[in-house]
Amino acid sequence: MNLKVTAAIGTALAGVLLVPYLITSNAINTVSTVASNMTLADVACAAIDMKLGDGLMGLTSEQTRNAEIIISVGAKLPVRARVVAIATAMQESGLRNLDHGDRDSVGLFQQRPSQGWGSREEIMDPYYSSRQFYDHLVKVRDWQKMPVTDAAQAVQRSGFPDAYAKHENKAVQIVASSTQGGVHQINSATTGCSPLTTPASTNVSGYVSYALQQVGKPYVWGGTGPDGFDCSGLIVFAWRQMGYQLKIRTSQQMYDVSVPVKSGTEKTGDLIFAQFESGGPAHVMVVVKPGLLVEAPRTGLDVRVREYDASSEGLKFGRLPSSQMTAISAQA
């Protein structure tokens, strides 16, 4: 490794721990436990880079305002409660605070004064009706384990018990797009949606350090080290040195399972995807620090560190979830 590359690496890792260390299984298990308690494991995930506002998925200003009220009232409850509430209000009122309905039903959730939900005036207050919905929901036994439509039906006792299901995907998007939603996307076929507060992977500095130690080694198609690497092979190798075998191998697979990260918010260890084709990205790289990456570029170019510009290069970012890592007993 020449002095110029060494200097670049030293600058890149300022403030980042250089000494590699194993991620303990307890750390991964803790993340997985938090995720299983808080995520939407069996619902579709939301798109990223969207904010709840007028025009999102055709919502009017009234619908947007009501959605924000429902989400804010349920802010201290699990994310799933907010999705159930939004899906319910979408079916019952179209997220509108209706002053009419079947028999004496009114409001966002079409609650009935004659059924003990409160007075007509109270139910017409979106904050009140939202609190009433959540109060009834949390009293349903095992509601968090139920499909969204079943949880909604347990509260509403509708004549159309399966009707809420068709609103599930859009409800997730609405909650995710709210500033108070607390949902972030992970590929829905694998791990469901993860809370923003749960890291997708832990202790990435050691893995980045291992990747940087390969600078100067040749690009080898299909290579996973230690003597040569292709783009994704470099990432597989670096995590393997940390005591973890990735369940995925190619850049396309890594893209499919990664938590999308908005450009400008990427962190050390995040993945950078480029050269998009019909099957997905043909190239994957690693963020050393924002604006600087390490990669195994292509045949004829050795593993290197270089600067990047996300906008001009058409780059997308992602973060590998811990669910895609299997602990191995020894480095290989």
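The relative contact order of the stretch 204-332, computed from alpha carbon pairs under 8 Å that lie at least 6 residues apart in sequence, is 31 percent.
Antiparallel as a % of all DSSP beta bridges within the stretch 206-332, to the nearest 5? If we restrict to bridges inside the stretch 206-332, about 95 percent are antiparallel. Computed over neighbours whose Cβ is under 14 Å from that of ASP227, the net charge equals -1, Lys and Arg +1, Asp and Glu -1.
In this label model, SER263 and THR299 are separated by 3.0 nm, measuring between points 7 Å along each Cα→Cβ vector. Within a straight-line Cα-Cα reach of under 20 Å, LYS139 can be paired with the following lysines, leaving aside sequence neighbours fewer than 8 residues apart in one chain: LYS76. Legend: residues GLU295, GLU313, sorted from most to least accessible area (1.4 Å probe; ligands, DNA and RNA excluded), read GLU313, GLU295. Taking a straight Cα-Cα cut-off under 20 Å and skipping sequence neighbours fewer than 8 places away in the same chain, the lysines within cross-link reach of LYS316 are LYS51, LYS262, LYS267, LYS289. Site pair VAL140 and GLU121 shows an inter-label distance of 3.1 nm when each label is modelled 7 Å from Cα along Cα→Cβ. Of the peptides 152-163, 62-73, the ranking by mean beta-carbon count within 10 Å, highest at the top, reads 62-73, 152-163. Modelled label positions at SER312 and ASP102, each set 7 Å beyond Cα in the direction of Cβ, lie 6.1 nm from each other.
In terms of accessible area, using a 1.4 Å probe and ignoring ligands and nucleic acids, HIS136, HIS100, HIS283 rank largest first as HIS100, HIS136, HIS283.
All other residues whose Cβ lies under 14 angstrom from that of GLN275 are scored, Lys and Arg at +1 and Asp and Glu at -1, for a net of -2. Straight-line cross-link partners of LYS145 among the aspartates and glutamates, defined as a Cα under 16 Å from its Cα and at least 8 positions apart when in the same chain: ASP42, GLU168. For LYS170, the accessible area of its heavy atoms, probed at 1.4 Å with every protein chain present, is near 70 square angstrom.
The values are calculated or read from the model by the stated rules, or taken from the named source; none is laboratory data. Note that the structure is predicted; figures quoted are calculated from it, not measured. Backbone-built Cβ (ideal geometry, glycine too); neighbour counts: all protein chains shown. All accessible areas refer to the heavy atoms of the entire protein, side chains included, with ligands and DNA or RNA removed. Shrake-Rupley method; radii C 1.70, N 1.55, O 1.52, S 1.80 Å.
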